[in-house]
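Below: the structure, in structure tokens.
The values are calculated or read from the model by the stated rules, or taken from the named source; none is laboratory data. Remember, predicted model here, so these are calculated numbers, not experimental data. Neighbour counts run over all protein chains shown; Cβ positions are idealised from the backbone, glycine included. In case anyone asks, the SASA skips ligands and DNA or RNA and just uses the protein heavy atoms, side chains included. Shrake-Rupley method; radii C 1.70, N 1.55, O 1.52, S 1.80 Å.
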Amino acid sequence: MDKVTENPLKNRQLATFVVMTILMVTFYLTANVMAVKLISVGGITIFDAGTIVFPITYMLGDVFTELWGFKTTRKVVFLTFLCQVLFTLFAWVGTLLPYPEGTEATAQAYAQVFTFVPRIMGASLAAFLVGELMNAWSFDKIKRRTQGRHLWLRTIGSSLFGFVLDTVIFVLVAFAGVVPAHDLLTMILIQIGVKMAIEACASTPMAYLLIGRLRRRMEA
């Protein structure tokens, strides 16, 4: 009889990788559900609420690429993509199921959110794959060009490439025909600006802290 390992996550590097993957999936799903809520200032729709959370997924992608390389990061991106597909599918199935009397308001609210979510998710899936893979690829290229120096340059530089592609694809697919045309360009420009501000002021410092801490943990 084969011996079963009691604690397969005892290996520090494996445990760290699993936790980071869980965080990547969690923040991505959270950002997509939050994206249903649009934020308007002065009558102009500027961005969706998911914009606040989404840069964290890029930061985690940077950490993956820095510690485990582009090929491994690509696998995590595709795993996150699969999780999103499953979430979208079963959330949509939930809108089709019968509900008891007296819960009409709750059922309608659920349907209103998760009937719109498939379009959000479809836009996000396309944008995520293109943007996140571009982020990881350009991060790896910048790292090679700088010979591993200047972490801030590759976190911010790679995010810029990824954010531009991601935002343009997401906004056009998710909100064209829903949001007035003149607001779409505003949304794209403001979202890129907000994401880059979050990246520079919060995500990059977080990446420095995480990478340093995780390297020490895995080498201990």
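Using only Cα atoms, locate the centre of the range 121-160 and the centre of the range 63-92, then give the distance between them in Å, rounded to an integer. For the range 121-160 versus the range 63-92, the Cα centre distance is 15 Å.
When restricted to Cα atoms, the chain yields an Rg and a Dmax of 19.3, 69 Å, respectively. Measuring nothing but protein heavy atoms, the accessible surface of the chain at 1.4 Å probe radius is 68 percent carbon and sulfur.
With all protein chains kept in place, the per residue accessible area of the range 102-179 amounts to 48 square angstrom at a probe of 1.4 angstrom.
For the range 31-72, the residues whose amide N sits under 15 Å from a probe point set 7 Å from the Cα of V19 along the beta carbon direction are 64. Helices meeting the span-like rule in the chain (full DSSP H runs, Cα extent of at least 15 Å along the helix axis, mean Kyte-Doolittle score of 0.0 or higher): 12-34, 54-68, 70-96, 104-145, 151-175, 181-198. Computed with a 1.4 Å probe on the full set of protein chains, the accessible area for F87 sits at about 60 Å². Computed over the alpha-carbon atoms, the range 176-220 gives an Rg to Rh ratio of 1.36, Rh here being the Kirkwood radius from the mean inverse distance.
Place +1 on the Cβ of every Lys and Arg and -1 on the Cβ of every Asp and Glu in the chain, take the dipole about the Cα centre, and give the residue among Q108, I188, P55 whose Cα lies farthest towards its positive end. Projecting each Cα onto the dipole axis, the largest value belongs to P55.
If you sort V85, V53 by accessible surface, 1.4 Å probe, largest first, the order is V85, V53. With coordinates expressed along the principal axes, the C-alpha atoms belonging to the range 62-139 extend over 53, 17, 15 Å, beginning with the largest.
Computed with every protein chain present, the accessible area of L79 is close to 80 Å² [probe 1.4 Å]. In this structure W137 has an accessible area near 120 Å², from a 1.4 Å probe over the protein heavy atoms.
A straight chain from T186 to V85 at 0.36 nm per residue would run longer than the Cα-Cα distance by 33.5 nm. Between W68 and V173, the C-beta separation translates, for a Förster distance of 25 Å, into a calculated FRET efficiency of about 0.25.
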